[in-house]
Structure formats: structure tokens, C-alpha cells
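**Q** Just dropping this structure here.
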Amino acid sequence: MHDVKETFTTPAPAPAALAARVRTLAPSMTRSMQRVAEAVADDPAGCAALTVTGLAELTGTSEATVVRTARLLGYPGYRDLRLALAGLAAHQQSGGAPSVTAGISVDDPIADVVAKLAYDEQQTLADTAAGLDTVQLSAAVTAAATARRIDIYGVGASALVGADLAQKLLRIGLVAHAHADPHLAVTGAVQLRSGDVAVAITHSGSTGDVIEPLRVAFERGATTVAITGRPDGPVAQYADHVLTTSTARETELRPAAMSSRTGQLLVVDCLFIGVAQRTYESAAPALAASYEALAHRHSPRTAAAARDRAEPR
């Protein structure tokens, strides 16, 4: 049976996080709510000057839709959203990055591809950092730092991120397993219990092969964490703590599976560093031992000497 976990209150996102939150949540909104969200992201200064009635008229929606959109974006009401819009407008006027950038086209010169990708990566990292709930992150760090065992689930591109997290945790002496095979993931999840941690990584928030083992872990009483670009997705119903990532806009040449890794890797690094800080007395010697054990593999001369010693005389 899953224990009742402490509930954390999520504060309204800061103005700088508003554009990131629109990009993250817009795909899961109704079309009318998307019109409101796109309007406030495209013209924060103009929308900040509008009443709820004015914004409803501008977007061809209703006042109720505007209020629902504000709440979905994390604000108690439209007044709070207007304040955030004013702050975002001031940020952009003072030299902050624009909320939208041109996508990559098939005939772009390679120099433009590099520039656009670099901008998108920077924006994704900034958006993820701005939207990351540090209360949820701290709770996930606390659970992982004291866990008997940590299981990590991900498929496709998210499996690479899961493997990265697992190897980092292993190097500081924690027991961590990354599962890319959904059958093995469920098999492992059955063995979890209270005091263990399960981490699901899914950009869409709806990947069945990731949700299923997280559900099993949740029901077994493990503390569950979801790293996702869709905090309102199905994965969240089995997550004690949700860590939201942002992503650059999906295009034909750059699908979400590629761009989502940038935000996921930032969250994974934040989670790992937090755990390493909490477990520093044991983590530092373990990390030093792993460096020493692997050092000869990174020096051709030392590696050759090691092979010579290993060969029979």
C-alpha cells in the first residue's frame, strides 16, 4: 500500500518562467485556452494592459476561459497573471531573450543551424531552470539521498538520460538501476518498498512503458518522482514529486525527442548534485575511488602498462 506523502504547495511561477510554462503546457490545453496562452506569451506588455474582459475579446474566448488559463499556468487568478505579464515585459525590454525563435528549415546554411540550435539549447536550459519547482526538487533529493535503492525508468531518448543519472549515482556509492526494458522495469518495481525511490523520465508524460513501472513502484510504497515536460500528463498521478522540464519548439528537423534531453539532463544534474551535497561524507570517498579505478583507462601510457602487467610471462 502506498503511504500518504506530504503535500507541497507550488508557488506561482516567476515572470521569467511564464513563457516557458506556456510552451510546456500549451499542447495539452483546449484550443480556446491555447489562444489565450499564445496571446500572453507573444505580447506580454499589451496583454498586461488588458482587463480580463479585454483579453477575452482579443482572443475570441470567454472571461472564464481566461481565468482557467491563468490558473493552469500557475496563477491564483487573472490579476496575478497580469502582474507576471508586466514583469515579463520589463524583462524583455531590459534585454531578456525573446520568447520565440525561428525554427530550422531544410535549406538553412550550417552556420545558421549552429546559431539556432545554440539559441534553442540556451533557451531550453533557461526555461527549465526558471520553471523548476525547487520545493519539489528538494523533496526528491531528500528521498534519493536516503534511499535503499533507486530505480530509473525511461525509453528512447529518455533512456539515455536515465542511464546518465544511474551512473552518476553509482559513482557516489548509491544503489541505482536504469531500466530501458519495460519488462525488466516492472520486474524491478515489484521489488521496491517504502524507503526506495523510483524515477520516471518521459517528456510527453504519457509513455505507457514508463508509467506502468512507476505505478507499480507507487503502489508498493516507494517514493516516486516524475521528470516530464507535461506536468499534467498521466505520469503525474503516480508521482509524489513532479520535476518539470521545458523544451525548444518541436519542428520537423528537431523533434521533441531530441530537444527534450537538454532540459532533462539539467534536472538530472540538479538532482544528482543535491544528493551528492546531502551525502558528501560518503559520496566524496566513493567518487575518489571511482576516479582512481578508472584513471588508467584514460591514459594510454598507463593503460599499456596495465596490459603488460596483466599478460602472462
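The values are calculated or read from the model by the stated rules, or taken from the named source; none is laboratory data. Just so we're clear, the structure is a prediction, and the values are computed from it rather than from any experiment. Neighbour counts are summed over all protein chains in view; Cβ atoms, including those assigned to glycine, are modelled from backbone coordinates with ideal geometry.
**Q** With the range 123-199 as the region, which helices (runs of 4 or more DSSP H) entirely inside it contain at least 1 residues that are farther than 15 Å from Leu271 by Cα and touching a Lys or Arg at 6+ places or on another chain (Cβ under 9 Å)?
**A** Details: elements: 134-145, 157-171, 182-189.
Answer list for the range 123-199: 157-171, 182-189.
**Q** Does any residue in the range 138-151 that is closer than 18 Å to Ala166 by Cβ and in contact (Cβ under 8 Å) with a residue 12 or more places away in the chain come within less than 6 Å, Cβ to Cβ, of a residue that is surrounded by fewer than 19 Cβ atoms within 10 Å (Cβ to Cβ) and hydrophobic (A, V, I, L, M, F, W, C) six or more places away or on a different chain, and which pairs are these?
**A** Going by the 6 Å Cβ cut-off, the qualifying pairs are Arg149/Val175.
**Q** Do the conditions hold for Gly95, that is, is it at positive phi, at pLDDT below 90 and not polar (S, T, N, Q)?
**A** Yes; evaluated as a whole, the condition is true for this residue.
**Q** Still on this model: I'd like to know if the range 186-200 contains one or more residues that are of a type in the set (Asp, Glu), at pLDDT 95 or above and closer than 22 Å to Ser260 by Cβ. Give the derivation first.
**A** The initial filter retains those residues of the range 186-200 that are of a type in the set (Asp, Glu), namely 196.
Subsequent filtering for residues that are at pLDDT 95 or above retains 196.
Of the ones still in play, those that are also closer than 22 Å to Ser260 by Cβ are none.
Within the range 186-200, not a single residue is of a type in the set (Asp, Glu), at pLDDT 95 or above and closer than 22 Å to Ser260 by Cβ.
**Q** Which pairs have Cβ atoms under 7 Å, sit 6 or more apart or on different chains, and link a residue in the range 172-183 that is under 15 Å from Gly195 (Cβ atoms) to one that is among the aliphatic types (A, V, I, L, M) and surrounded by 18 or more Cβ atoms within 10 Å (Cβ to Cβ)?
**A** Leu174/Ile150; Val175/Ile150; Ala176/Ile150; Ala176/Ile152; Ala176/Ala166; Ala176/Leu169
**Q** Hey, any hits in the range 252-275 for a residue that's modelled with pLDDT of 80 or more, among the polar types (S, T, N, Q) and surrounded by fewer than 18 Cβ atoms within 10 Å (Cβ to Cβ)?
**A** Scanning the range 252-275, I find no residue that is modelled with pLDDT of 80 or more, among the polar types (S, T, N, Q) and surrounded by fewer than 18 Cβ atoms within 10 Å (Cβ to Cβ), so the answer is no.
**Q** Follow-up question, since we're still on this one. Checking Ala189 against (1) over 21 Å from the mean Cα position of the chain (by Cα); (2) closer than 30 Å to Ala26 by Cβ; (3) of a type outside the set (Lys, Arg): exactly one of these is not met. Which one?
**A** (2)
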